[in-house]
Every structure is written in C-alpha cells, then in structure tokens.
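Asker: Please read through the structure below; I'll follow up with questions.
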Amino acid sequence: MRNVRALCLALAAAALFAACGGGNNNSGKAPTQAPAAAPSSAATAAAPAAGSATAAAATAAAPAASAAAVKPTRGGTLTVAIDSNMKNLDPIKSTLLVDRQIHYQLYDSLVSIGPDLKIQPGLADSWDTSDPKAIVFKLHQGVKFQDGTDFDATAVKFNIDRILNTASSPRHSEIASVASVDVVDKYTVKFNLTQPFAPLLATLVDRAGMMLSPTAIQKEGDSLSTAPVGAGTGPFRFVEWLQDDHVTLERNPNYWKKDANGDQLPYLDKLVYKIIPDENNRLNNLKTGDVDIAINPPAKDIAAVKKDSAFVYKDAPALQFNGIELNVKTEPFSSKDLRQAVAYAIDRDAILQTVYFGLGVVSNGPISPPLPPYDASYKPYTHDVAKAKALLASGGKPNGFSFDMLITSGSPQQQQLAELIKDELKDAGITVNIVPEEFTKLVDDTQNHKFTASILGWSGRIDPDGNSYNHFHTGGGFNDPQYSNAQVDMLLDQARASYDQEQRNSLYKQINKLVTDDAPWIFINHPLVIELHTPKVKGFVLIADGIQRYAGVWKSQ
C-alpha cells in the first residue's frame with residue numbers, strides 16, 4: 001500500500017511538473033531564438049496546476065473548437081513561416097524542435113497535455129499504477145493509422161520495442177527504465193520497469209510516446225525519415241517535403257478526435273510550412289499575407305506588433321534554455337578553468353538587453369523558471385573580466401586562447417549574438433572565430449562532436465529530467481559536449497527513481513549547480529514561447545511547450 005501511494009504521489013508530481021513548463025522538446029535542439037516579450041505581458045501563460053496521472057478519465061481529449069459562440073469554418077490552407085529546415089520526420093531519430101512541429105501534426109502519443117500542461121489521455125484512455133514498477137495502459141479503441149493499420153496493443157509494443165532495440169536513438173535513454181512491454185489483450189499494454197521511473201508519463205507525451213504504423217515502418221524503411229506516408233494517426237497526413245523550401249500536409253479524413261461539439265477534426269484542408277530562416281523575412285511574409293503564422297519573429301519588432309491590430313500576439317514562459325555548448329573532450333575546453341573563464345567573460349545581462357531587447361531572463365542552468373526546482377537566487381557567473389583572466393592563468397593560458405564557435409547561418413540575430421560574445425571575450429584575451437553553418441549541418445557537427453563551441457538551444461520538457469538527464473548524464477542521447485561527472489550521474493539516476501516531489505526538487509537544484517559550475521554549457525537565457533498570427537486564424541491555443549497544434553485551428557473568410 002505504501003508503494004502504491006508513493007507511486008500515485010510521484011505521478012501526480014510529474015503532472016505538477018507538467019503544469020509548470022513548456023519543449024520545445026524533448027524534442028530537440030532549437031536554434032537560439034529571440035524571446036518574444038516579458039513574462040508580465042503574457043496573455044495565455046500556462047498556470048501551474050497539479051493533475052492526477054493515475055486512472056485518468058477514459059475519454060479522448062479533443063481540442064475545443066473555441067468557446068462555442070463561433071462555429072469553425074471548414075476548409076482552406078494554413079501557411080506557417082517556420083525558422084529552419086527539418087531534419088528527420090521519424091520521431092525516434094529526430095533531435096530538433098522544428099521536427100517536432102511536424103511530428104505533432106502527423107502522430108499522436110499515448111498521453112498528451114492541454115493548455116494547463118496537465119498530463120491527459122491521448123491514444124491511451126487511462127493508466128493504472130498499482131505496481132510501482134509497472135504501468136498498465138488502456139488504449140482508445142477504433143483508431144486506425146493513416147495507412148489503414150489498426151492501432152492496438154501490438155502496435156504499442158512494436159513502437160516501444162523499436163526504441164529499446166535502437167541504442168543510437170535519442171529516445172533510447174529517455175525510456176531506459178522500461179525493461180519490456182507486454183500485450184495483455186488487444187487494447188491493454190503493460191510497461192515493465194527496471195525501477196520506479198517518475199518522468200515516464202511526461203516522457204511519453206512527446207516523441208518517445210508517439211505511435212507509428214508498424215506496417216508503414218516495415219514498408220518505408222529509411223525513407224520514413226523524409227516521407228512518412230500513412231505512418232501516423234494524427235490530424236494531418238504527409239504529402240511532400242521540398243528541402244529548404246516547404247513541407248505540405250493534408251487533412252486526415254479519418255481522424256479519430258472530435259471537437260467539443262462532436263464535430264470531426266481537423267477543420268483545415270491543408271497545412272503548408274514555408275522554411276524561412278531569416279526572422280525579418282518571416283515577419284515580412286506575415287505582414288504581406290503570404291503566411292498566416294510566423295514562428296519566432298524578431299525581438300526588435302515585438303513591441304510594435306503587440307500594438308498592431310493586424311496581428312494577434314500572445315506569449316508564455318518557456319522551458320527552453322539557450323547557450324553555448326563546449327566540447328569538454330578537446331582543447332581548450334577540456335580545462336574547467338578555461339570553460340569558466342568564458343562564462344565569467346560573457347556579460348549575459350548585456351546580451352539580454354542588446355540582442356533580446358530585455359525580454360526573457362538570464363539563464364543560470366538547465367532548469368528553467370517554470371519548473372519547481374528553479375532557483376532565482378542562484379547566480380554563479382556575474383560578468384567579471386578580472387576573474388576570467390585569473391582563470392586563464394590557472395588554466396595555463398595566461399595570454400588567452402582562440403577557438404571556433406559554430407552559429408546558425410542566415411539569422412541576423414544569431415550573427416549579432418555571436419559578434420557581441422566575440423567582443424566580450426576579446427576583453428578577457430579570448431579570440432572567437434565565428435563559423436556560420438546551415439542549421440542541420442551545425443546540429444550534425446555538434447552531435448558528432450566535430451566542434452569546439454556551438455551556439456544552440458534546448459526546447460525544454462515538462463519534467464526537469466527532460467532538461468537534464470540526456471544532456472548531462474554520461475552517454476546521454478543529447479550529451480554533445482561529452483560531459484561526464486559521476487556525482488551528477490548519481491543524482492540524475494536518483495531523481496528519476498524518486499517519487500518524492502520535494503526530494504526531486506532538491507536533487508535537481510544540486511544537479512543544476514554542479515552542471516553550471518562544470519560549465520559544459522555556458523547558459524545565456526530562458527526565452528518565451530509566442531503566438532503571432534493574422535486575425536483570420538482562429539482556435540489557436542498557446543501551449544508553453546512551444547509546439548503548435550493545428551487540429552482545432554481554422555481560418556475565417
């Protein structure tokens with residue numbers, strides 16, 4: 001009985017975390033982007049709220065067609081200006097936020113979240129946690145994948161086994177505590193755990209919990225990464241992807257979810273993502289009506305668009321962190337002193353004001369402000385050039401050093417950020433060679449450890465495990481810097497296995513401090529997620545994880 005209560009409390013705690021965050025992803029790496037506006041201006045900020053994760057209601061939560069007074073219009077094409085090319089449309093291979101924006105239209109996951117960020121049913125109607133080392137899911141019946149394959153317990157086992165049998169997948173370490181999956185009956189599956197695993201439900205909200213057609217996986221093979229035809233159960237199905245130009249999706253006519261009025265979803269006939277890396281061009285396309293939604297508009301224009309009736313603007317605090325990854329296995333950043341020298345030489349307050357126009361907050365670690373373990377009083381690296389120079393001396397480089405820093409090409413904001421960092425480090429005797437690369441190449445080089453320093457961001461997760469384990473545990477799926485600290489590993493493992501909320505908060509505060517002190521990342525800022533579209537776009541719900549969902553969106557005439 002004690003164990004049962006402990007598990008229930010822990011899963012409720014996971015839902016509480018879910019209520020406090022918003023990312024991009026596990027979903028993945030995100031180009032460092034401008035936050036949109038100060039948290040105080042948030043129009044739809046997600047409010048923390050506890051939610052029961054045990055035996056949830058056996059109803060498929062459907063997007064509401066807005067509050068009822070206006071009947072949604074069916075048909076039409078919604079065009080979205082997105083900030084970079086996609087890399088992989090197969091969820092178990094993907095590492096990018098931009099990929100997730102497409103995944104969420106094609107695929108459904110076992111559990112999901114609403115605007116309040118509570119964990120709620122998805123393809124699983126309910127779940128039972130009577131055994132702390134197992135979770136039993138009851139699946140929604142009558143769902144078919146877009147290729148006509150039945151969604152059932154066998155499909156769930158196939159998908160989870162696919163992750164467990166693919167050690168190279170970033171999803172593998174996310175669900176490493178899942179030992180096996182049993183098919184109990186056609187619509188019941190049991191996840192057997194090696195140990196209690198508090199973040200599991202929060203993890204299954206995202207790509208680890210997305211279900212793909214076993215038939216499509218076996219038929220398409222590697223081409224699933226670029227053309228996932230018929231693979232999902234989601235509101236839209238794949239049509240085409242023209243690299244660096246656009247992705248087109250069309251309505252899934254057999255989608256299983258309905259709106260609050262019982263009408264079929266989705267409303268739109270087609271979704272087109274136009275790939276526009278330059279944030280100024282994205283906004284210009286919105287102004288001219290060439291697109292309906294602009295993701296990540298330039299920070300310098302936020303004040304103006306907020307006052308312009310030609311736009312609809314909302315924002316919310318994000319789970320994201322942005323910064324500079326440092327490869328700790330190569331010179332000069334194999335030296336902790338030299339990594340810390342960089343951290344002290346950078347004036348992050350100045351960056352926040354100059355590059356991000358005072359929007360968002362300075363980051364002091366991977367735990368973002370919406371998460372309970374966040375500690376606003378922890379400020380380890382105030383701008384101190386003298387301290388930086390002392391660390392250069394103790395690190396064996398009293399006259400400074402130089403290094404290459406990768407940045408995403410085509411973004412004026414990234415260039416400005418890099419130039420400012422270069423100027424700040426110059427004052428300490430450190431020379432930065434700015435190396436622009438196309439975003440997906442930059443991600444490849446960073447993931448393959450072919451870098452010295454790289455400006456990137458992390459979209460964030462609804463449980464702090466998602467902001468830390470894969471990045472900082474030895475061998476973690478996103479541990480690009482190749483960081484390894486036995487104490488951090490131990491604390492991360494303890495935090496995963498604990499169902500005590502206060503204990504988890506304490507553990508993640510320790511992890512945050514140890515990682516920040518070791519400086520495999522130089523954390524810069526925590527931004528906001530934003531919504532910016534024309535007034536014709538209706539039914540859009542801002543969710544603080546930064547993922548746009550279009551099942552319940554329509555366009556007025």
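Asker: Taking the stated definitions as given, is T203 open to solvent by 50 Å² or more (accessible area, probe 1.4 Å), touching a Gly at 6+ places or on another chain (Cβ under 9 Å) and not in a loop (DSSP other than H, G, I, E, B)?
Answerer: no
Asker: Right, another one. Can you pull out every residue in the stretch 243-263 that is farther than 26 Å from F158 by Cα, in contact with a strand residue (DSSP E or B) (Cβ under 8 Å, 6 or more places away or on another chain) and open to solvent by less than 40 Å² (accessible area, probe 1.4 Å)?
Answerer: Listed by number, the residues that qualify are H246, V247, T248.
Asker: Let me ask another. Restricting the stretch 350-373 to residues that are in contact with a helix residue (DSSP H, G or I) (Cβ under 8 Å, 6 or more places away or on another chain) and open to solvent by 60 Å² or more (accessible area, probe 1.4 Å), which is modelled with the highest pLDDT?
Answerer: Checking each candidate, the answer is T354.
Asker: Considering only the stretch 419-468, state which residues are among the acidic types (D, E) and either under 16 Å from W521 (Cβ atoms) or surrounded by fewer than 16 Cβ atoms within 10 Å (Cβ to Cβ) (or both).
Answerer: Of everything in the stretch 419-468, those that are among the acidic types (D, E) and either under 16 Å from W521 (Cβ atoms) or surrounded by fewer than 16 Cβ atoms within 10 Å (Cβ to Cβ) (or both) turn out to be E419, D423, D427, E438, D444.
Asker: Given the conditions (1) assigned to a strand (DSSP E or B); (2) in contact with a helix residue (DSSP H, G or I) (Cβ under 8 Å, 6 or more places away or on another chain), and given that P196 satisfies all but one, which numbered condition is not satisfied?
Answerer: Only one criterion is unmet by P196, namely (1).
Asker: Still on this structure: Condition first: part of a loop (DSSP other than H, G, I, E, B), of a type in the set (D, E, K, R) and closer than 16 Å to Q146 by Cβ. Now tell me which residues in the stretch 247-263 satisfy that.
Answerer: K257
Asker: So in the stretch 127-179, with the set limited to residues that are open to solvent by less than 20 Å² (accessible area, probe 1.4 Å) and part of a strand (DSSP E or B), which one is nearest to P196 (Cα to Cα)?
Answerer: A134
Asker: When you scan the stretch 544-554, do you find a residue that is among the basic types (K, R), in contact with a helix residue (DSSP H, G or I) (Cβ under 7 Å, 6 or more places away or on another chain) and open to solvent by 20 Å² or more (accessible area, probe 1.4 Å), even just one?
Answerer: yes
Asker: Filter the stretch 96-126 down to the residues that are of a type in the set (S, T, Y) and open to solvent by less than 10 Å² (accessible area, probe 1.4 Å) and list them by number.
Answerer: Y107
Asker: What is the residue count in the stretch 180-200 for residues that are touching a residue at least 24 places away in the same chain (Cβ under 8 Å), open to solvent by less than 50 Å² (accessible area, probe 1.4 Å) and not β-branched (V, I, T)?
Answerer: So the count comes out to 9.
Asker: Which one of these is farther than 21 Å from D152 by Cα, more than 20 Å from the chain's Cα centre (by Cα), of a type outside the set (G, A, S) and outside any strand (DSSP E or B): P266, P228?
Answerer: That would be P266, the only listed residue that is farther than 21 Å from D152 by Cα, more than 20 Å from the chain's Cα centre (by Cα), of a type outside the set (G, A, S) and outside any strand (DSSP E or B).
Asker: Of the numbered conditions (1) under 30 Å from A167 (Cβ atoms); (2) of a type in the set (D, E); (3) at pLDDT below 95, D518 fails exactly one; give the number of that condition.
Answerer: D518 satisfies every listed condition except (3).
Asker: Based on what the data block shows, is I522 of a type in the set (A, V, I, L, M, F, W, C), assigned to a helix (DSSP H, G or I) and open to solvent by less than 10 Å² (accessible area, probe 1.4 Å)?
Answerer: Answer is no for this residue.
Asker: Are any of the residues in the stretch 527-535 in a loop (DSSP other than H, G, I, E, B), touching a residue at least 40 places away in the same chain (Cβ under 8 Å) and crowded, with 23+ Cβ neighbours inside 10 Å?
Answerer: Checked the stretch 527-535: at least one residue is in a loop (DSSP other than H, G, I, E, B), touching a residue at least 40 places away in the same chain (Cβ under 8 Å) and crowded, with 23+ Cβ neighbours inside 10 Å.
Asker: Another question, if that's okay. Out of the stretch 355-388, which residues are under 18 Å from the mean Cα position of the chain (by Cα) and within 21 Å of D337 (Cβ to Cβ)?
Answerer: Of everything in the stretch 355-388, just one residue is under 18 Å from the mean Cα position of the chain (by Cα) and within 21 Å of D337 (Cβ to Cβ), namely G365.
Asker: Would you pick out the residues in the stretch 302-343 that are in contact with a helix residue (DSSP H, G or I) (Cβ under 6 Å, 6 or more places away or on another chain) and either part of a loop (DSSP other than H, G, I, E, B) or among the polar types (S, T, N, Q) (or both)?
Answerer: Listed by number, the residues that qualify are F311, P332, F333, Q340.
Asker: Pick from A299, A341, A303, A318: which is hydrophobic (A, V, I, L, M, F, W, C) and open to solvent by 20 Å² or more (accessible area, probe 1.4 Å)?
Answerer: A303
Residue-by-condition table, conditions (1) of a type outside the set (A, V, I, L, M); (2) touching a Pro at 6+ places or on another chain (Cβ under 7 Å); (3) in a loop (DSSP other than H, G, I, E, B); (4) open to solvent by less than 10 Å² (accessible area, probe 1.4 Å):
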residue	(1), (2), (3), (4)
G221	yes, no, no, no
L224	no, no, no, yes
T233	yes, no, yes, yes
W241	yes, no, no, no
L283	no, yes, no, yes
L286	no, no, no, yes
G289	yes, no, yes, no
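The values are calculated or read from the model by the stated rules, or taken from the named source; none is laboratory data. None of these values were measured; they are calculated from a predicted model. Quick reminder, even Gly has a Cβ in these numbers, built from the backbone with ideal geometry, and neighbours come from all protein chains shown. Ligands, DNA and RNA are stripped out before the accessible areas are found, and what is left, the full protein with its side chains, is counted by its heavy atoms. Shrake-Rupley method; radii C 1.70, N 1.55, O 1.52, S 1.80 Å.
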